[in-house]
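The values are calculated or read from the model by the stated rules, or taken from the named source; none is laboratory data. All of these numbers come straight from a predicted model, not from anything done at the bench. Neighbour counts run over all protein chains shown; Cβ positions are idealised from the backbone, glycine included. These accessible areas exclude ligands, DNA and RNA; they are computed on the full protein's heavy atoms, side chains included. Shrake-Rupley method; radii C 1.70, N 1.55, O 1.52, S 1.80 Å.
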Amino acid sequence: MSYFRRKNIEMPTEESALPGREHALEITNRHYVLGTPLKPPFPDGYESLVVGMGCFWGAEKRFWNLEGVYTTAVGYAQGYTANPSYQEVCTGMTGHNEVVLIVFDPQKLALARVLQVFWEEHDPTQGMRQGNDHGTQYRSGIYCQNMVQLACAQKSSAHYQEALTQAGCDSITTEIALLNGFYYAEDYHQQYLAKNPNGYCGLGGTGVSCPF
């Protein structure tokens with residue numbers, strides 16, 4: 001269908017978004033690297049955060065080796081289309097962002113450290129793109145589970161903006177909000193760069209350190 005060739009760089013409205021489907025995409029519920037489940041329930045006391053940093057293949061790899069991370073998974077968030085496919089997200093007509101779910105033990109890994117990796121491992125000043133990847137699905141985003149995480153994310157953004165400003169960089173365009181739905185991406189996207197070590201990764205940071 002023709003809409004699969006469309007590539008929007010403006011967010012669709014709920015009314016104009018693709019309809020999606022009733023059932024979730026099926027995935028293997030086992031992390032290819034860590035061997036842990038991708039889906040809940042997760043251990044008691046663990047936290048989760050969802051972030052968008054551009055293409056989710058490279059973004060996920062930035063987190064699964066951090067000490068204290070229990071599991072990671074890639075998916076789609078902050079859009080309108082129910083259970084979207086990758087092809088649908090790529091049209092720009094679902095409203096979704098390519099994101100990474102990070103589940104971690106806060107006793108071993110502080111939220112502030114997760115956010116530090118987020119800021120430093122991509123360029124959060126580029127709007128609806130990341131490097132050569134253009135489109136609404138490549139926007140920078142932090143999607144929080146609760147108001148405490150939201151306040152921490154906003155505070156870390158302000159601190160990183162100070163560092164960026166001192167380095168002569170542009171303003172942060174990162175979307176910071178409470179998580180509004182997370183849909184797991186297709187099986188072949190999960191831990192893609194572990195399965196395909198020479199696969200594409202378009203991420204690149206600003207070179208500016210983030211205060212921790």
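Residue under question is Thr72, and the condition is that it be buried (at least 21 other Cβ atoms within 10 Å of the Cβ), out of contact with any Lys or Arg (no Cβ under 7 Å at 6 or more places or on another chain), in contact (Cβ under 8 Å) with a residue 24 or more places away in the chain and of a type in the set (Ser, Thr, Tyr); does it hold?
Against the criterion (buried (at least 21 other Cβ atoms within 10 Å of the Cβ), out of contact with any Lys or Arg (no Cβ under 7 Å at 6 or more places or on another chain), in contact (Cβ under 8 Å) with a residue 24 or more places away in the chain and of a type in the set (Ser, Thr, Tyr)), Thr72 qualifies.
Pick out, from the range 138-212, the strands (runs of 3 or more DSSP E) lying fully within it that include 3 or more residues that are of a type outside the set (Asp, Glu) and over 20 Å from Gly127 (Cβ atoms).
Where strands (runs of 3 or more DSSP E) fall fully within the range 138-212 and carry at least 3 residues being of a type outside the set (Asp, Glu) and over 20 Å from Gly127 (Cβ atoms), they are 182-184.
Output the residue which, of all residues in the range 118-136 that are open to solvent by less than 10 Å² (accessible area, probe 1.4 Å) and in contact with a Phe, Trp or Tyr (Cβ under 8 Å, 6 or more places away or on another chain), is nearest to Phe42 (Cα to Cα).
Going through the qualifying residues, I end up with Trp119.
Scan the range 80-116 for residues that are open to solvent by 10 Å² or more (accessible area, probe 1.4 Å) and either among the hydroxyl-bearing types (Ser, Thr, Tyr) or assigned to a helix (DSSP H, G or I) (or both) and jot them down.
Tyr80, Ser85, Tyr86, Gln87, Glu88, Cys90, Leu111, Ala112, Arg113, Gln116
Being modelled with pLDDT of 95 or more, open to solvent by 40 Å² or more (accessible area, probe 1.4 Å) and not acidic (Asp, Glu): is that true of Asn146 here?
yes
Taking into account only those residues within the range 156-212 that are of a type in the set (A, V, I, L, M, F, W, C), over 23 Å from Gln145 (Cα atoms) and in contact with a Gly (Cβ under 6 Å, 6 or more places away or on another chain), which is surrounded by the fewest Cβ atoms within 10 Å (Cβ to Cβ)?
Of all residues in the range 156-212, those of a type in the set (A, V, I, L, M, F, W, C) come to 158, 163-164, 167, 169, 172, 176-179, 182, 185, 193-194, 201, 203, 208, 210, 212.
Then keep just the ones that are over 23 Å from Gln145 (Cα atoms); that gives 163-164, 167, 169, 193-194, 201, 203, 208.
Filter once more, so that each one left must be in contact with a Gly (Cβ under 6 Å, 6 or more places away or on another chain): 193, 201, 203.
Working: Leu193: 19, Cys201: 16, Leu203: 19.
Among those that are of a type in the set (A, V, I, L, M, F, W, C), over 23 Å from Gln145 (Cα atoms) and in contact with a Gly (Cβ under 6 Å, 6 or more places away or on another chain), it is Cys201.
Among the residues in the range 47-64, are any modelled with pLDDT of 95 or more, surrounded by 15 or more Cβ atoms within 10 Å (Cβ to Cβ) and of a type in the set (S, T, N, Q)?
The first filter runs over the range 47-64 and keeps only residues modelled with pLDDT of 95 or more, leaving 47-64.
Subsequent filtering for residues that are surrounded by 15 or more Cβ atoms within 10 Å (Cβ to Cβ) retains 47-64.
Add one more test, that the residue is of a type in the set (S, T, N, Q), and what stays is 48.
Scanning the range 47-64, I find at least one residue that is modelled with pLDDT of 95 or more, surrounded by 15 or more Cβ atoms within 10 Å (Cβ to Cβ) and of a type in the set (S, T, N, Q), so the answer is yes.
Which pairs have Cβ atoms under 6 Å, sit 6 or more apart or on different chains, and link a residue in the range 12-29 that is without any contact (Cβ under 8 Å) to a residue 12 or more places away in the chain to one that is open to solvent by less than 100 Å² (accessible area, probe 1.4 Å)?
Taking only residues 6 or more apart or on different chains, the pairs are Asn29/Pro37; Asn29/Leu38; Asn29/Lys39.
Say we look at the range 179-212 and pick out the residues that are aliphatic (A, V, I, L, M) and out of contact with any helix residue (DSSP H, G or I) (no Cβ under 6 Å at 6 or more places or on another chain); which of these is nearest to Gln116 (Cα to Cα)?
Once the filter is applied, the top-ranked residue is Leu179.
Does Gln126 fit the bill of being in a loop (DSSP other than H, G, I, E, B), touching an Asp or Glu at 6+ places or on another chain (Cβ under 9 Å) and on the phi < 0 side of the Ramachandran plot? Spell out the reasoning first.
Working: in a loop (DSSP other than H, G, I, E, B): yes; touching an Asp or Glu at 6+ places or on another chain (Cβ under 9 Å): yes; on the phi < 0 side of the Ramachandran plot: yes.
For Gln126, the condition - in a loop (DSSP other than H, G, I, E, B), touching an Asp or Glu at 6+ places or on another chain (Cβ under 9 Å) and on the phi < 0 side of the Ramachandran plot - is met.
Among the numbered conditions (1) modelled with pLDDT of 95 or more; (2) out of contact with any Asp or Glu (no Cβ under 6 Å at 6 or more places or on another chain), tell me where Tyr3 comes up short.
It is condition (1) that Tyr3 fails.
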